[in-house]
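Trainee: Below you will find the structure I want to go over with you.
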Amino acid sequence: MSTEFVRQLNPHPATDEVREAVLQNPGFGKFFTDHMVCIDWQGDVQQGTGRWDNARLQPYGPLSLDPSTSVLHYGQEIFEGLKAYRHEDGSVWTFRPEANAARLNRSAQRLALPALPEETFVDAIRELVSQDRKWVPSGDGESLYLRPFMIGTEPFLGVRPSKEALFSVIASPAGNYFGTVEPVDIWLSGTYARAGRGGTGAAKCGGNYAASLIAQMEGDAHGCSQVLFLDEQRGGAVEELGGMNVFFVFDDGRLVTPELTGTILEGITRDSVIQIARDRGLQVEERAFTLDEWREGKSSGHLTEVFACGTAAVIAPVRRLLSHDEVIGSEDEKPGEVSMAIRQQLLDVQTGRAEDTHGWLTRLV
């Protein structure tokens, strides 16, 4: 049964002129559509009781929270990221929303928040995009970025799971995440960790990203777009970037990516890249990958490409890995053939230019 939403339309939506000006240069995460979706929950996670209700479409705007609201003190917050794409016939589709719904619920379990029915997750996205479909851009590589999130909203001070929660979806027109597909430099963090064993690394929660920001600042100071973290408990094995998974392409047809150990986010783009690579005949290896192997692969020439992937950037070629001690890679590195082929195939499926052989697309409008 589909979710019924009460609709309160924005009395002052953006004018056509304002919206078109935004869509000419949307950037990323700077502008938001006219509406948002909200659904409330009350119950007891520990007892496995509770219900979602008051599903509504409302004008985009500030949330009103009591100063004692639990999310402000104990960090019960999770989120997702996915995109809506306009196809040539004007219809609007999204990519693997069921996978995002499943990951949201895995994150919810880890953060002691309530599970949200998968169909409600998809219904919420469809409700928002249907109303704000004029905000979906049509330029090459552009999309409407969707940000579902959940927070604990009970006003109380005490260390226990919140007995109230809010699920919401907001949307933002988006261009290319880095502004280009040219290779980027990444910084190796030798001081900080994004997550630890037994922690929240596999959950998509704000705390993981907050923990990465100080390392990102260090990377910014050295002209790098992202930060790479290592697992010192496994001999300095490569983990992931601050917000992206990483892949290594070898000249013998192998594609290597760090295995999921519980400290790495299970990226949906990562999973899609693995499937596309296998479809193209590449041998995919999910395993520990060390800096030594990276260094030796670049030195010998057998490691031909490195790229990062995520919903926001899709695929970003990596030029160099920088640290206080060394530089791995060349300043004149160009986007790799394999990286760009996988990227193009992924985008072609998402935008309807290629056949969706895996049933990844869901029509929204």
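Bear in mind these aren't lab numbers, they're just calculated from the coordinates by the rules spelled out. Since this is a predicted model, take the numbers as computed values, not measurements. Neighbour counts run over all protein chains shown; Cβ positions are idealised from the backbone, glycine included.
Trainee: Would you grab the residues whose amide H sits under 5 Å from the one on Gly50? Only those 5+ places off in sequence or on another chain, please, with H modelled 1.01 Å from N.
Mentor: Under 5 Å from the amide H of Gly50: Asp44.
Trainee: Beyond 12 Å, how much of the Cα-Cα pair distribution for the stretch 275-334 remains, as a whole percent?
Mentor: Cα-Cα pairs in the stretch 275-334 separated by more than 12 Å: 76 percent.
Trainee: Under the rule of -39500 (n - 2.57) per DSSP H run of 4 or more residues, summed and divided by the residues of the chain, what mean residue ellipticity at 222 nm is obtained, to the nearest 500 deg cm²/dmol? Intermediate values should be presented prior to the final figure.
Mentor: Numbers: 8 runs with 94 residues, N = 365.
Taken over the chain, the calculation gives -8000 deg cm²/dmol.
Trainee: Residue separation times 0.36 nm, minus the C-alpha to C-alpha distance between Leu157 and Thr191: what's the value?
Mentor: This chain segment gains 8.9 nm when fully extended.
Trainee: Through the Karplus equation 6.51 cos²θ - 1.76 cosθ + 1.60, θ set to phi - 60°, convert the phi angles of the stretch 347-359 into ³J(HN,Hα) values in whole Hz; use x for Gly and Pro.
Mentor: Coupling constants for the stretch 347-359: 5, 5, 5, 4, 9, x, 7, 10, 5, 8, 6, 10, x Hz.
Trainee: Okay, moving on. Going by the alpha-carbon gyration tensor, a ≥ b ≥ c the square roots of its eigenvalues, is the stretch 6-174 rounded (a/c under 1.5) or, if a/c is not under 1.5, prolate (a/b greater than b/c) versus oblate? If you can, show how the numbers build up before the last one.
Mentor: Details: a/c = 2.22, a/b = 1.76, b/c = 1.26.
The shape class here is prolate.
Trainee: What distance in nm separates the simple spin-label points at Gln233 and Ala112, each placed 7 Å from Cα in the Cβ direction?
Mentor: Placing both labels 7 Å beyond Cα along the Cβ direction yields 2.1 nm.
Trainee: Which value results when the Cα radius of gyration for the stretch 184-351 is divided by 2.2 N^0.38 Å?
Mentor: Working: Rg = 14.9 Å, N = 168, 2.2 N^0.38 = 15.4 Å.
Taking the Cα Rg and dividing by 2.2 N^0.38 Å, one obtains 0.97.
Trainee: Against the globular-protein guess of 2.2 N^0.38 Å, express the Cα radius of gyration of the chain as a ratio, rounded to two decimals. Before the final figure, lay out the partial values.
Mentor: Values: Rg = 20.9 Å, N = 365, 2.2 N^0.38 = 20.7 Å.
The chain yields a ratio of 1.01.
Trainee: For the stretch 136-141, take each phi angle, set θ = phi - 60°, evaluate the Karplus expression 6.51 cos²θ - 1.76 cosθ + 1.60, and give the result in whole Hz per residue in order, putting x for glycine and proline.
Mentor: Each residue of the stretch 136-141 in turn: 6, x, 10, x, 4, x Hz.
Trainee: Let me ask another. Based on the alpha-carbon gyration tensor of the stretch 251-295 and its eigenvalue square roots a ≥ b ≥ c, which shape applies: rounded if a/c is under 1.5, prolate if not and a/b is larger than b/c, or oblate?
Mentor: It comes out oblate by the Cα gyration axes.
Trainee: Please state the equivalent ellipsoid semi-axes for the stretch 188-248: what are the square roots of 5 times the Cα gyration tensor eigenvalues, largest first, in whole Å?
Mentor: 17, 14, 11
Trainee: Fully extended, how many nm does the chain gain between Val327 and Ala210 (0.36 nm per residue separation, minus their Cα-Cα distance)?
Mentor: Stretched fully, the Val327-Ala210 segment lengthens by 39.5 nm.
Trainee: Using the Cα centre as the reference, give the magnitude of the dipole from point charges on the C-beta atoms of the stretch 184-351 (Lys, Arg: +1; Asp, Glu: -1; all else neutral), rounded to the nearest 20 debye.
Mentor: Values: 15 positive and 26 negative charges, 86 e Å.
Around 420 debye, computed over the stretch 184-351.
Trainee: Oh, and also: Taking the Cα centre of the stretch 102-228 as the origin, how large is its charge dipole in debye, to the nearest 20, when only Lys and Arg (+1) and Asp and Glu (-1) carry charge on their Cβ atoms?
Mentor: 540
Trainee: Something else about it: Can you give the FRET efficiency to the nearest 0.05 for Thr304 and Glu259, using r as the Cβ-Cβ distance and R₀ = 25 Å?
Mentor: Values: r = 21 Å, r/R0 = 0.85.
That pair, Thr304 with Glu259, gives E of 0.70.
Trainee: Okay, moving on. Suppose R0 equals 41 Å. What FRET efficiency, 1/(1 + (r/R0)^6) with r the Cβ-Cβ distance, do Thr290 and Phe28 give to the nearest 0.05?
Mentor: 0.80
Trainee: List the residues, sorted by chain then number, that are 5 or more residues from Val227 or on another chain and whose placed amide H is less than 5 Å from its amide H.
Mentor: Close amide H contacts, sequence-distant or interchain: Trp187, Gly242, Gly243.
Trainee: Also, quick follow-up: Which lysines, on any chain, are close to Lys163 with Cα under 25 Å apart, when same-chain ones fewer than 8 places away are left out?
Mentor: Straight-line reach from Lys163, under 25 Å: Lys204.
Trainee: If you put +1 on each Lys and Arg Cβ and -1 on each Asp and Glu Cβ, how big is the dipole of the chain around its Cα centre, in Debye rounded to 20?
Mentor: Numbers: 34 positive and 52 negative charges, 145 e Å.
Dipole about the Cα centre, nearest 20: 700 debye.
Trainee: Calculate the length of the line joining the C-alpha centroid of the stretch 89-125 to that of the stretch 260-294, in whole Å.
Mentor: The stretch 89-125 and the stretch 260-294 have Cα centres spaced 23 Å from each other.
Trainee: Whole-Hz Karplus ³J(HN,Hα) for the stretch 203-219, in order, using 6.51 cos²θ - 1.76 cosθ + 1.60 and θ = phi - 60°, x for Gly and Pro?
Mentor: Karplus-based 3J(HN,Hα) across the stretch 203-219 equals 9, 9, 10, x, x, 4, 6, 4, 5, 8, 5, 5, 5, 5, 4, 5, x Hz.
Trainee: Once the convex hull of the alpha carbons of the stretch 138-200 is built, what does its volume come to per residue, in cubic angstrom?
Mentor: 173
Trainee: Now for a separate question. Alpha carbon centre of the stretch 57-87 versus the stretch 305-340: separation in Å?
Mentor: 32
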